[in-house]
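Visitor: Attaching a single structure in structure tokens format; questions to follow.
The values are calculated or read from the model by the stated rules, or taken from the named source; none is laboratory data. Source: prediction; values computed, not measured. A quick note on method: Cβ atoms are made from the backbone with ideal geometry, for glycine too, and the neighbour counts reach across all protein chains shown.
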Amino acid sequence: MLISRYLEISARNDFYLEYKLSNEQDKVIKLNNKLEHRVAERTRDLELSNRNLKIKIDDLHQSESERHKLEEQLRQTYKMEAIGTLAGGIAHDFNNILTGIFGYSRLVEMNLEEHNKAKKYLARLDQSAQRASALVQQILTFSRQAEQQKISITPHLILKEALKLLRSSIPSSIEIKKEIFSKAAIIADPIQIHQVIMNLCTNAYQAMSDTGGVMAIGLHEIEISGHENFYNPDMLSGKYLKLEISDTGHGIDKKILERIFDPYFTTKGLGKGTGLGLSMVDGIVKKSNGFINVHSIAGEGSVFKIFWPISEHQDQGNSDVSKKKETRQFRGTERIMLVDDETAILEPLQIILSKQGYHITTFTEGLSALKAFKKDPEQFDLVITDMTMPQMTGDKLSIEMLKIRENIPIILCTGYSEKTSDKEICKLGIRKYLQKPITAEELSASIQEVLYSKSQ
């Protein structure tokens, strides 16, 4: 009886435990399902947030890219504005050079019997042409739209080049005082530093254009320690290159002085300026880790001071400064195809290269040159072609020739092309890229360089 009662109670307990266990299991399953549902919901929320975040990041990248494009467009607009301001002085310089060329050409013609005199006048003709070439290079250096490139540069050379370009635009009533005492290097974009100098000097002489006065330009090295920094509280201790440009013009009113770096703010009359200049200067100086300081008194003049940290690295960025080139004339017997639509270029080059022993075949446009090359690709050892020609440009001609004969050496020459660079040309397989004007000596040396490299 007791055993039976015990078994009955035990069975009831087992049933209760099973029921309780089953009930708890159901609870666990429900909780697990609920948790999985919440995890799935949370995952969907996170995925949606990630998608939205990605869209925002993409939008930010696009906005940043558009901002950079707009900044570059503004810089280019200012450059064109500045070239317009300088146009009168540039035209004056060119007309003087051309007058000299016409004069010396006439003197050579009049003295053909007297070789020494004719040779002297021809040398003057060459000097005038070099002056014109240097002026063109200065204009292109200032106006070209190039990728920003921060390298080690020496601003004293850029300053001298900028002053050459400004010289003819500055009235004789304005005295220029130069105190260029430093050849220190800084890390910056050379084209943009040229732009800064051009802007500040142009503003300075324009402030005195009616009354005359003195424009002083200084380049000095200074050392700043933390406790005596009265130029700018954000400047760190160390050595700085200070560019100082001052004028004795009408000065700037205190209220206006607070706004001079605002984009599009200008006090100049209609057609005299867009107000981009000083805004661009401020941006360029900051991006090159520099600081700008302005002091002006209405009726007395203005002083702009720019400070750049001095770099210990060697200068890399004044490649536009003219260098002496080798004048040796090489000789050869190779067969050269010469392509240029300007007969005034084609004829003298053909005569000069023929006198050096080369066998020259000339063409005045790309299509006929390509037709001759297709007929017998092995009849030429070298191709020299102009870039800008009607019907077929020099780069297109080169590409077609390289498809036919991939090892043909090609020299591409151009008067000006903002769409091409040395790197881009080399990628096409072209051996050499020359910027006009090209002297006979330069071309002769380039021919030897390309033909020699071919044999390596």
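Visitor: Restricting attention to segment 430-456, and to residues there that are modelled with pLDDT under 90 and part of a loop (DSSP other than H, G, I, E, B), which single residue is nearest to the chain's Cα centre (by Cα)?
Guide: Step by step, filter segment 430-456, then rank; the result is Lys436.
Visitor: Of the residues that sit in segment 331-346 and are surrounded by 13 or more Cβ atoms within 10 Å (Cβ to Cβ) and in a helix (DSSP H, G or I), which one is farthest from the chain's Cα centre (by Cα)?
Guide: Leu346
Visitor: Another one. Of the residues Thr364, Thr388, which single one is modelled with pLDDT under 95 and under 19 Å from Arg431 (Cα atoms)? Steps first, answer last, please.
Guide: On the way: Thr364 fails: under 19 Å from Arg431 (Cα atoms).
Residue meeting the stated conditions: Thr388.
Visitor: Hey, does segment 166-183 have a residue that's in a helix (DSSP H, G or I), under 23 Å from Ile260 (Cα atoms), touching a residue at least 24 places away in the same chain (Cβ under 8 Å) and more than 22 Å from the chain's Cα centre (by Cα)? Break it down stepwise before answering.
Guide: Filtering segment 166-183 down to residues in a helix (DSSP H, G or I) leaves 166-167.
Pick out the ones that are also under 23 Å from Ile260 (Cα atoms) and you get 166.
This time we only want the ones that are touching a residue at least 24 places away in the same chain (Cβ under 8 Å), so: 166.
From the residues that got through so far, the ones that are more than 22 Å from the chain's Cα centre (by Cα) too are none.
Checked against the condition, which is being in a helix (DSSP H, G or I), under 23 Å from Ile260 (Cα atoms), touching a residue at least 24 places away in the same chain (Cβ under 8 Å) and more than 22 Å from the chain's Cα centre (by Cα), segment 166-183 yields no hits at all.
Visitor: Given (1) buried (at least 18 other Cβ atoms within 10 Å of the Cβ); (2) more than 13 Å from Gly301 (Cβ to Cβ), identify the lone condition not met by Phe181.
Guide: Going through the list (1) buried (at least 18 other Cβ atoms within 10 Å of the Cβ); (2) more than 13 Å from Gly301 (Cβ to Cβ), Phe181 breaks only (1).
Visitor: I've got another one for you. Restricting to segment 382-408, name every residue that is buried (at least 23 other Cβ atoms within 10 Å of the Cβ) and within 20 Å of Ser453 (Cα to Cα).
Guide: Val383, Ile384, Thr385, Ser398, Met401
Visitor: Shifting gears a bit: Among the residues of segment 389-398, which ones are in a helix (DSSP H, G or I) and under 14 Å from Leu367 (Cβ atoms)? Quick ask: steps written out before the conclusion?
Guide: So the first thing to find is which residues in segment 389-398 are in a helix (DSSP H, G or I), and the list is 394-398.
The answer is Gly394, Lys396, Leu397, Ser398.
Visitor: Right, something else. Does Ile252 fit the bill of being assigned to a loop (DSSP other than H, G, I, E, B) and at pLDDT 85 or above? Before the answer, list the steps.
Guide: On the way: assigned to a loop (DSSP other than H, G, I, E, B): yes; at pLDDT 85 or above: yes.
When the stated conditions are applied, Ile252 passes them.
Visitor: Shifting gears a bit: Give the number of residues within segment 350-371 that are surrounded by 14 or more Cβ atoms within 10 Å (Cβ to Cβ) and touching a strand residue (DSSP E or B) at 6+ places or on another chain (Cβ under 6 Å).
Guide: Number of matching residues: 9.
Each row is one residue, and each column tells you yes or no for (1) modelled with pLDDT of 75 or more; (2) in contact with a strand residue (DSSP E or B) (Cβ under 8 Å, 6 or more places away or on another chain); (3) more than 26 Å from Leu200 (Cβ to Cβ); (4) exposed (fewer than 10 other Cβ atoms within 10 Å of the Cβ).
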{"residue": "Leu70", "(1), (2), (3), (4)": "no, no, no, no"}
{"residue": "Gly100", "(1), (2), (3), (4)": "yes, no, yes, no"}
{"residue": "Leu112", "(1), (2), (3), (4)": "yes, no, yes, yes"}
{"residue": "Lys117", "(1), (2), (3), (4)": "yes, no, yes, no"}
{"residue": "Gln127", "(1), (2), (3), (4)": "yes, no, yes, no"}
{"residue": "Ala134", "(1), (2), (3), (4)": "no, no, no, no"}
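Visitor: Hey, can you tell me all the residues within segment 184-216 that are β-branched (Val, Ile, Thr), crowded, with 21+ Cβ neighbours inside 10 Å and part of a helix (DSSP H, G or I)?
Guide: We begin by selecting, within segment 184-216, every residue β-branched (Val, Ile, Thr); these are 186-187, 191, 193, 196-197, 202, 211, 214.
After this cut, where a residue has to be crowded, with 21+ Cβ neighbours inside 10 Å as well, the list is 186, 191, 193, 196-197.
Hits for segment 184-216 are Ile191, Ile193, Val196, Ile197.
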